[in-house]
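Take a look at the structure set out below.
The values are calculated or read from the model by the stated rules, or taken from the named source; none is laboratory data. Treat the numbers as computed from the prediction; the structure is a model and nothing was measured. No Cβ is skipped: glycine too gets one built from the backbone with ideal geometry, and neighbour counts run over all protein chains shown.
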Amino acid sequence: MARPATERPPGSATGSRRSVTYRGVTAPEAGTYRLQVDHTGAGAGSSLSVSVNGGTAVDVPVAADNPEVPVASAVAVPLRAGANTVTVFSSAARGPGVDRISVGPLPPASYVPRTTMTVEPSGVQWVGPGQQSVTVTARLRLDVDDALDEVSMAPVVPAGWSVTGAAVTSREMRLGQVLEGRWTVTSPAGADVSSAKIPVVASFETLGRPNKVSRDLRVQLRPADRVFMREAEDSRNQLGSSGITSCSPCSGGQKVRNIGGSADAYVLFEDVTVDTASEHALFIDFTVNGDRSFFVTVNGGSPIEVAVSGVGNNTPYTTSVPVTLRAGANTIKVHNDEDSAPDLDRLSLS
């Protein structure tokens, strides 16, 4: 049911004595319902509240926004069977303007508003022995109309780990808005990382109900005979027009496919760092069905063809090729400008 603010006094609904009262707001049975208030934006420090049948007021989340732009906010309210009275008011010096209210059932208890959450670096982070630090960034975007209230996002580190950087928060998030954070997580001193899964958790409320979403940062000790190891799907790599797909037997549960056939279908590994200039064995983990070739280009030099064979796209294989690297950061490009290449799982150096 929707009711316009026909009983609103002239101007905005401001001050505790200036309110909008809706009578005859009916409910089929007693219970908790979703009450949506359509209103204009408001300045910083503004407020809006709802009282049902003279009961305790419920605050309606109101974010500072353009007062000329209509927005909608929703809260959970108790209604009795039959007719109810709903009063919308503001105790601020100047509150938002009220357009209308509407009442409907609450979504299921299992409902979580759709969001898009990304954590970088993605893919398993292979690290060396001893204490290690990883800088992680996270981004949460709200993809539906239902607002998120009291949003907080931060990594949850295992026992013995530490995190530098505070949780990022927002009183309210609306459709399309983004919350971003950056932290450094550090493993215990005097020990190798072994394997760790560090969730970045975004907690929030929707209609007074607590919810959360999370994405994991995965850190693992690389083998002792490797000086570098990185997944093909790692977010630090450039993929061109290639794409990431699931691969349960692959090292990180994913791989990069559709490499080759054109100059823009490649995987570029940047910041491949080694201590000294020397020749290394480059190990290529891949899947392939039939006979195909990678081309490997180091630091923009001449491409090296790596021909491989396999019997299935879900069977990982490993091959190697010698490469010469300079001290410090290098780039390694895996490509095939003419023909389709195998799918790529990861690269490592001995």
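Numbers at a glance
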| quantity | calculated |
| --- | --- |
| Residue among Ser214, Ser246 that is in the same structural domain as Asn299 (by TED's automatic domain parsing), closer than 30 Å to Val112 by Cα, surrounded by fewer than 17 Cβ atoms within 10 Å (Cβ to Cβ) and of a type outside the set (Asp, Glu) | Ser246 |
| Among residues of the range 217-239, those that are among the acidic types (Asp, Glu) and either modelled with pLDDT under 95 or out of contact with any strand residue (DSSP E or B) (no Cβ under 6 Å at 6 or more places or on another chain) (or both), counted | 2 |
| Strands (runs of 3 or more DSSP E) fully within the range 189-254 counting 2 or more residues that are of a type in the set (D, E, K, R) | 195-206, 209-221, 228-231 |
| Condition check for Gly176: surrounded by fewer than 21 Cβ atoms within 10 Å (Cβ to Cβ), within 24 Å of the chain's Cα centre (by Cα) and closer than 25 Å to Val71 by Cβ | yes |
| Count - residues of the range 291-350 that are hydroxyl-bearing (Ser, Thr, Tyr) and without any contact (Cβ under 8 Å) to a residue 60 or more places away in the chain | 9 |
| The lone exception for Thr276 - which of (1) hydroxyl-bearing (Ser, Thr, Tyr); (2) surrounded by 13 or more Cβ atoms within 10 Å (Cβ to Cβ); (3) under 18 Å from Leu349 (Cα atoms) it fails | (2) |
| Filter result (within 16 Å of Val298 (Cα to Cα), among the polar types (S, T, N, Q) and within 25 Å of the chain's Cα centre (by Cα)) within the range 229-278 | Asn237, Gln238 |
| Single residue of the range 198-211 satisfying the filter (at pLDDT 95 or above and either crowded, with 19+ Cβ neighbours inside 10 Å or of a type in the set (Lys, Arg) (or both)) that is farthest from Pro155 (Cα to Cα) | Phe204 |
| Count of the range 263-302 residues which are under 18 Å from Ser235 (Cα atoms) and either among the acidic types (Asp, Glu) or not in a strand (DSSP E or B) (or both) | 4 |
| The listed residue being crowded, with 18+ Cβ neighbours inside 10 Å, among the aliphatic types (A, V, I, L, M) and in contact with a Gly (Cβ under 6 Å, 6 or more places away or on another chain), out of Ala232, Ala265 | Ala265 |
| Residues (touching a Lys or Arg at 6+ places or on another chain (Cβ under 6 Å), assigned to a strand (DSSP E or B), surrounded by 12 or more Cβ atoms within 10 Å (Cβ to Cβ) and of a type outside the set (A, V, I, L, M, F, W, C)) located in the range 116-133 | Thr118 |
| Residue satisfying all of: in the range 27-77; within 15 Å of Asp146 (Cβ to Cβ) and not in a strand (DSSP E or B); modelled with the highest pLDDT among these | Val60 |
